[in-house]
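*Asks:* Here you go, one structure.
The values are calculated or read from the model by the stated rules, or taken from the named source; none is laboratory data. Note that the structure is predicted; figures quoted are calculated from it, not measured. No Cβ is skipped: glycine too gets one built from the backbone with ideal geometry, and neighbour counts run over all protein chains shown. Heavy atoms of the whole protein, side chains included, go into the accessibility calculation; ligands, DNA and RNA do not. Shrake-Rupley method; radii C 1.70, N 1.55, O 1.52, S 1.80 Å.
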Amino acid sequence: MGATDNAIGCSMAIEKHVKSAMAKHTGSALGVSPTRARKQVSEVLVTTIGVGVAQMVARPGELEGNLATAEMLLQEMAGQGAQIVVLPELFATSYDIEQAAAMVRREMELVLPRLTSLAATLGLTIATTVLAGDGRDGTLCNLAVVIDRRGVIATAGKQMLWAGESTIFAPDHGPRALVRSSGAALGVAVCYEAGFPELTRELAVRGADIISIPAAFGASRRYAWDLLTRSRAVENGCFVLAAGLADPEDASAPRFSGHSRIVDPRGQILAELADSEGVLTARIDLSDIASARTEIPYLAALSARQAKAASPTALTHPITTGQ
């Protein structure tokens with residue numbers, strides 16, 4: 001199976017495997033189809049909401065223990081008034097991607113049902129990533145999911161794959177996950193994807209209020225994390241909820257940057273963690289989005305430019321060859 005076939009197979013397999021896991025372990029299929037992520041989201045229903053990000057050490061081979069840690073952090077954020085929260089990339093299995101094919105079925109059995117139960121019990125909307133698909137047939141995905149009291153409400157396989165990820169996962173070339181929940185339009189860009197402005201711009205144009213970034217960002221690239229989390233907020237006039245893996249205590253383990261943060265539409269860091277496990281919560285005002293987009297009208301200018309380019313009288317300017 002070629003790379004293109006893998007990508008198509010991954011996309012087709014996502015809904016099948018998520019629905020199968022949820023139906024088998026909760027007694028019903030998904031409450032809302034993941035295809036809802038394909039639709040444009042625009043309206044704002046509330047003004048202020050509580051948000052949170054969690055930062056944790058994900059230990060290889062300790063799926064149940066990692067899930068227990070995540071549950072504790074979710075309870076803590078809910079207790080502080082958070083409604084929309086983000087867990088790091090592959091928080092349950094750890095960023096041990098060489099073992100992904102061996103772990104995917106166990107994760108599907110445990111993690112999505114448990115997160116759905118917690119979302120319903122705690123009144124949370126949860127964004128993160130999980131393993132999905134079937135590692136035996138080339139359709140293994142690093143799957144962004146958004147879960148609320150209704151179940152899994154949006155999914156999208158990670159599209160931009162970092163380094164060795166491309167030998168493990170099939171990319172999903174469809175739109176990034178975007179869905180309305182808890183009063184806001186929430187989009188997801190997974191780790192390395194947040195370094196591609198066009199992907200988050202797509203989310204903003206489709207109506208995102210908040211861009212969540214579940215990540216396992218390497219410690220040596222913290223400088224990029226610092227820049228891109230703030231840049232994506234400013235250029236799109238969105239809030240950014242960036243949740244990374246904590247730096248492990250084991251010196252022989254892969255190092256992660258930590259520094260999970262909540263960023264406002266002007267690029268101001270509202271709250272930030274250092275290297276270790278913990279949570280951040282904040283109350284954000286969605287009206288700040290409109291005011292930030294008025295102060296620096298990137299999206300309005302882009303829309304006007306696209307409208308002009310679509311005009312039959314628009315001029316084209318090809319690259320010149322010089323003299």
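*Asks:* Hey, any hits in segment 157-167 for a residue that's closer than 26 Å to L270 by Cβ and touching a residue at least 60 places away in the same chain (Cβ under 8 Å)?
*Replies:* Checking segment 157-167: not a single residue is closer than 26 Å to L270 by Cβ and touching a residue at least 60 places away in the same chain (Cβ under 8 Å).
*Asks:* Any residue in segment 50-75 that is closer than 14 Å to A119 by Cα sitting within a Cβ distance under 7 Å of a residue that is part of a helix (DSSP H, G or I) and modelled with pLDDT of 95 or more? List the pairs, counting only those 6 or more apart or interchain.
*Replies:* Once the first residue is closer than 14 Å to A119 by Cα and sits in segment 50-75, its partners that are part of a helix (DSSP H, G or I) and modelled with pLDDT of 95 or more give G52/M77; L67/L110; L67/V111; L67/R114; E71/L118; L74/L118; L74/L122; Q75/L122.
*Asks:* Got a number for residues in segment 69-81 being in a helix (DSSP H, G or I) and open to solvent by 60 Å² or more (accessible area, probe 1.4 Å)?
*Replies:* Looking only at that region, the number is 4.
*Asks:* Sticking with this one: Which ones in segment 285-305 are in contact with an Asp or Glu (Cβ under 7 Å, 6 or more places away or on another chain) and closer than 24 Å to G50 by Cα?
*Replies:* L286, D288, I289, listed by residue number.
*Asks:* If you take the residues in segment 246-276 that are over 15 Å from W225 (Cα atoms) and of a type in the set (S, T, N, Q), which one is surrounded by the fewest Cβ atoms within 10 Å (Cβ to Cβ)?
*Replies:* This residue is S252.
*Asks:* Condition (residue is more than 28 Å from R149 (Cα to Cα), in contact with a His (Cβ under 7 Å, 6 or more places away or on another chain) and open to solvent by 10 Å² or more (accessible area, probe 1.4 Å)) applied to segment 231-238: is it met by at least one residue?
*Replies:* no
*Asks:* Do you know which residues across segment 106-119 are within 15 Å of L90 (Cβ to Cβ) and open to solvent by 50 Å² or more (accessible area, probe 1.4 Å)?
*Replies:* Residue satisfying the conditions is R106 alone.
*Asks:* Tell me which residues, restricted to segment 82-119, are among the acidic types (D, E), farther than 13 Å from L143 by Cβ and part of a helix (DSSP H, G or I).
*Replies:* If the condition is that a residue be among the acidic types (D, E), farther than 13 Å from L143 by Cβ and part of a helix (DSSP H, G or I), then E98, E109 are the ones that fit.
*Asks:* Could you look through segment 168-211, keep only residues that are among the aromatic types (F, W, Y) and open to solvent by 30 Å² or more (accessible area, probe 1.4 Å), and pick out the one that is nearest to P265 (Cα to Cα)?
*Replies:* Taking the candidates together, the pick is F196.
*Asks:* Another question, then. Yes or no: A54 buried (at least 20 other Cβ atoms within 10 Å of the Cβ), within 22 Å of R180 (Cα to Cα) and at pLDDT below 95?
*Replies:* Answer is no for this residue.
*Asks:* Identify, by number, the condition in (1) closer than 17 Å to C191 by Cβ; (2) free of Cβ contacts under 8 Å to residues at least 12 places away in the same chain; (3) under 19 Å from the mean Cα position of the chain (by Cα) that A271 doesn't meet.
*Replies:* Just one mismatch for A271, condition (1).
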